[in-house]
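The values are calculated or read from the model by the stated rules, or taken from the named source; none is laboratory data. Here the structure is a predicted model, which means the values were calculated and not measured. So basically every Cβ, Gly included, is an ideal-geometry build from the backbone, and we count neighbours across all protein chains shown.
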Amino acid sequence: MPMDISCRTIDQEMIDKIKEISGQDVYKCMQCGTCAAACPMRDIMDLSPTRLVHMIHFGRRSEVTSANTTWICASCLMCQVRCPRGIDVPRVMEAVRQLTLRLNENYIEPFEIEGVGELPQIAAVSTFRKHTA
């Protein structure tokens, strides 16, 4: 019985845009998993940083933009420090966040957050910049 293999097109535009925004060549990634092993937030991410970069390699825009990985990334730089290829993964994460926000869909709705008025102003502003279009 023949297998049904759905052929997906590679979204080269997304790959090029991520490279332009981040300045990083994701094709340098050899999928060693060091970034995922170093990530303190890995357990609550949909996709590990390694898997997210893998999805970027194949231009899988919907999987990349719908994953919570880029939003949970703490930008702690552990992945960058340990990457044997010197890829600045937090910059790639930021580029994916920017591409997602350019779709004009907020990841969070500011007015739905309880106690937002009690937050330190700088924390609220930085969160809204990161998570809203």
Residues of the stretch 52-88 classified as buried (at least 19 other Cβ atoms within 10 Å of the Cβ) and either under 14 Å from Cys32 (Cβ atoms) or among the aromatic types (Phe, Trp, Tyr) (or both), total: 4
Would a scan of the stretch 29-49 turn up a residue that is surrounded by 12 or more Cβ atoms within 10 Å (Cβ to Cβ) and under 19 Å from Glu105 (Cβ atoms)? yes
Find the helices (runs of 4 or more DSSP H) located wholly in the stretch 1-84 whose residues include 3 or more that are under 17 Å from Ala95 (Cα atoms), and list them. 12-22, 49-57, 61-66, 69-72
Residue match in the stretch 57-77 (condition: aliphatic (A, V, I, L, M), out of contact with any Phe, Trp or Tyr (no Cβ under 8 Å at 6 or more places or on another chain) and over 28 Å from Glu105 (Cα atoms)): no
From the set of residues in the stretch 100-123 that are in a helix (DSSP H, G or I) and closer than 16 Å to Ile72 by Cα, which is modelled with the highest pLDDT? Thr100
